[in-house]
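> My structure is below; once you've seen it, I'll send some questions.
The values are calculated or read from the model by the stated rules, or taken from the named source; none is laboratory data. None of these values were measured; they are calculated from a predicted model. Neighbour counts are summed over all protein chains in view; Cβ atoms, including those assigned to glycine, are modelled from backbone coordinates with ideal geometry. Side chains are part of the model used for accessible areas, which takes the heavy atoms of the whole protein and leaves out ligands, DNA and RNA. Shrake-Rupley method; radii C 1.70, N 1.55, O 1.52, S 1.80 Å.
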Amino acid sequence: MIEKLSGKKNNIELTYCDLGIAYQCNFKCKMCKFWLDSPLNSNNILSIEQWKDILKQLSEFVDIGNCVINLSGSGEPLLRSGIFDLIKYGRSLGLKIQTISNGSCVNNQIATKIAESGLGFISFSLDSLKAETHDFMRGTDKACEGVLKAIENVATFSPNTCIGINTIISGLNIDDIIDLTCWVENNKLISYINFQAIAQPFSYDKAPDVEWFKLEDYKNLWPQDKQKIKETIDQLIALKEKGYKMIDDVAQFNVFKAYFLDPLRFIKKNKCNLAKAGILNIDPSGNISKCQMVGIIDNLKSNKTLAEICLSEQADKHIELINKCKRNCHLVVSCHFDQE
């Protein structure tokens, strides 16, 4: 079974696994409604021991040197009790572990625990250097101040952990993107910045809507000034070509521009690339998917192994649904962009 999973039979050569360990959040982000409508609690999520078993299974069939394990979820990962024990266990298996954080929890003590766990990468959400903008987008006072302090704490107490910045480009902060990019370039504590284009806010209650950006609740999230969009993206491309430390490549920036200018036009010339991508998502309750937008493959509480689920007929049907999808979701536009 493991040998089959390592092959190409079902396009499950894994290079990126998103493990949704988080189920609580202390922010009220405009780009996410999980804090408002999440049904998750300590009784319906996977335990840390179950997550350890998942890491063990992954270590047995992924190419450890070429697979990244991202700890995320429906909230702030560093609020999850047992996260550092989980990271330490994953590192003992040789796995590459990273996480993303809003920075609010990272005091000196937490930064020390990050170091002791062996965490390789941590990316902090920062949408603007203007406190009023970032705090508004994150729905929390002093959120910007907290991120900046968290960066200093990790650099001081966990110097072997690579620090990155994750930024969502939206109508609320598009005027601040270039200044933030230049600040990252000149900040020796930060290794990179990664951009995402705003997409429909995450929610358990609201169904996917291709015209979500027209809804009254979300209008301010969408950049309306087409000239400003063009100028900002073109400036990002110019900075990228100068060698600025940005994860996104020129092709992705061009896709961002096309997406913002015409969001209903599918960015891919052919099929969605997620079907063939080596990605796997496991949410806090144990639901497995390659793309949550088309549904789930199965649940780990079904007592099947991860390999059995990935090689199942349900997995094949899941891939067929992805191939038929023409939605510009956050996964295809931002998280798992693939140049054609």
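> Report the far tail of the P(r) of the chain, meaning the percent of Cα-Cα pairs longer than 33 Å.
24 percent
> Moving on to the next point. Do you know the relative contact order of region 242-338, to the nearest whole percent, from alpha carbon pairs under 8 angstrom that are 6+ apart?
Relative contact order of region 242-338: 33 percent.
> With equal scatterers on the alpha carbons only and no solvent term, can you work out the Debye log10 of I(q)/I(0) for region 1-122 at 0.17, 0.19, 0.21, 0.22 1/Å?
So the normalised log intensities are -0.90, -1.06, -1.21, -1.27.
> For region 52-101, divide the Cα radius of gyration by the Kirkwood radius and give the resulting Rg/Rh value with two decimals.
Reported Rg/Rh, Kirkwood definition of Rh: 0.96.
> State, as an integer percentage, the relative contact order of the chain based on alpha-carbon contacts under 8 Å between residues 6 or more apart.
It rounds to 20 percent for the chain.
> Sticking with this structure for a sec: Classify region 95-184 from the C-alpha gyration tensor, please: rounded if a/c falls under 1.5, else prolate or oblate depending on whether a/b exceeds b/c. All intermediate terms of the calculation are to be shown ahead of the outcome.
Details: a/c = 2.30, a/b = 1.80, b/c = 1.28.
Prolate is the answer for region 95-184, as a/c is 1.5 or above and a/b outweighs b/c.
> With a cut-off of 8 Å between alpha carbons and a minimum separation of six or more residues, what is the relative contact order of region 61-147 in percent?
27 percent
> How big is the convex hull of the Cα atoms of region 282-334, per residue, in Å³?
75 Å³
> With 26 Å as the limit, write out which pairs from 56/271; 219/276; 30/206; 219/271; 30/52 have Cα-Cα distances beyond it, or answer none.
On the way: 56/271 33 Å; 219/276 33 Å; 30/206 14 Å; 219/271 29 Å; 30/52 32 Å.
Over 26 Å Cα-Cα: 56/271; 219/276; 219/271; 30/52.
> Tell me the label-point distance for the pair residue 254, residue 222, using the 7 Å Cα-to-Cβ offset, in nm and rounded to one decimal.
Between residue 254 and residue 222, the simple spin-label model gives 2.5 nm.
> Could you tell me, in Å, what Rg and Dmax come out for the Cα atoms of region 199-340?
Cα only, region 199-340: 17.3, 53 Å (Rg, Dmax).
> Can I ask one more? Roll a 1.4 Å probe over the protein chains and send me the accessible area per residue for the chain in Å².
Result: 46 Å² per residue.
> Can I ask one more? In the neighborhood of residue 274, defined by Cβ-to-Cβ distances under 11 Å, what is the net charge if each Lys or Arg adds +1 and each Asp or Glu adds -1?
+4
> Out of the total accessible area of the chain (probe 1.4 Å, heavy atoms of protein only), what percent is carbon and sulfur? Numbers along the way, then the final one.
On the way: 7450 of 15500 Å².
Answer for the chain is 48 percent, counting heavy atoms of protein chains only.
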